[in-house]
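Beneath this line is the structure, given in structure tokens, with notes to follow.
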Amino acid sequence: MTFAFGHLIGAWILGKIYEKVASKRLSHLTWGFLLLGSILPDADFMIDWILGTNLHRTFSHSFLFVVVTGLLVYVFAKHFTKEPKKIGIAISAGISMHLFLDYFSVLGIALFWPYQLYFSPFGNMYQPVLKGLTFGTLEELKLAMKLAVVDMGLGTLWVGYLWFRKRIRF
Ligand SMILES: [Zn+2]
């Protein structure tokens, strides 16, 4: 289970690798959409908490979401930027990185949603009823809590590193 900072760092590493390999710098806007894409799939938590649904890791963690979101952003971005293609690809790449990291969990991801097979290195399975953060046993919640603390630590180290390299100013 990866939380916000883990996903942001994953997309940041992806962007850095791209910059190194392609010998190009990503624009400020492209970075924004890459990082946004890396956390966007977990916005389904908000839907679940507000509406009381159980949608976590369904449509927003699928190949369909990668494609549709990229296309929508591309079409929309045509009206306000000269690089709509880059921005569409950036958000799709961010979402793909999110799915890649979530794949390495027991729950896995329903990559071909609405098809209900969840892919995971620990074994693929059909899971019609999902356990979001607000469901599950006390032990599962305790584990999620510990992983959230690890995520905060990672985030602190990341921001600390960026500060140290003078990449961010306050
Ligand atoms: Zn996720």
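Based on what the data block shows, is Ser38 under 21 Å from Gln127 (Cα atoms), small (Gly, Ala, Ser) and part of a helix (DSSP H, G or I)?
Answer is no for this residue.
Filter segment 9-41 down to the residues that are open to solvent by 30 Å² or more (accessible area, probe 1.4 Å) and within 13 Å of the ligand (Cβ to nearest atom), then identify the one that is nearest to Arg167 (Cα to Cα).
Looking at the filtered set, the residue picked out is Ile39.
Filter segment 60-114 for residues that are of a type in the set (Lys, Arg) and surrounded by fewer than 16 Cβ atoms within 10 Å (Cβ to Cβ); which is farthest from Ile39 (Cα to Cα)?
If we take residues in segment 60-114 being of a type in the set (Lys, Arg) and surrounded by fewer than 16 Cβ atoms within 10 Å (Cβ to Cβ), then Lys82 is farthest from Ile39 (Cα to Cα).
Considering only residues of segment 134-170 that are surrounded by 13 or more Cβ atoms within 10 Å (Cβ to Cβ) and outside any helix (DSSP H, G or I), which is modelled with the highest pLDDT?
For segment 134-170, the residue satisfying everything is Gly136.
For segment 72-84, state whether one or more residues are part of a loop (DSSP other than H, G, I, E, B), basic (Lys, Arg) and either on the phi > 0 side of the Ramachandran plot or more than 14 Å from the ligand (Cβ to nearest atom) (or both).
Yes - at least one qualifying residue is present in segment 72-84.
Take the residues in segment 42-59 that are in a helix (DSSP H, G or I) and open to solvent by less than 20 Å² (accessible area, probe 1.4 Å); name whichever of them is farthest from Phe100 (Cα to Cα).
Asp48
Looking at segment 42-64, I want the residues that are on the phi < 0 side of the Ramachandran plot and in contact (Cβ under 8 Å) with a residue 12 or more places away in the chain and have a partner that is crowded, with 18+ Cβ neighbours inside 10 Å and aromatic (Phe, Trp, Tyr) with Cβ atoms under 6 Å, at least 6 apart or on another chain. Which pairs are those?
Thr58/Trp113; Phe59/Phe65; Phe59/Trp113; Ser62/Trp113
Among the residues of segment 97-114, count how many are in a helix (DSSP H, G or I) and in contact with a strand residue (DSSP E or B) (Cβ under 7 Å, 6 or more places away or on another chain).
Counting residues in segment 97-114 that are in a helix (DSSP H, G or I) and in contact with a strand residue (DSSP E or B) (Cβ under 7 Å, 6 or more places away or on another chain) gives 3.
The values are calculated or read from the model by the stated rules, or taken from the named source; none is laboratory data. Keep in mind that this is a model prediction, so the values were computed, not measured. Note that we place each Cβ from the backbone using ideal geometry, even for glycine, and neighbour counts take in every protein chain shown. The area values use the complete protein model at the heavy-atom level, side chains included, leaving out ligands, DNA and RNA. Shrake-Rupley method; radii C 1.70, N 1.55, O 1.52, S 1.80 Å.
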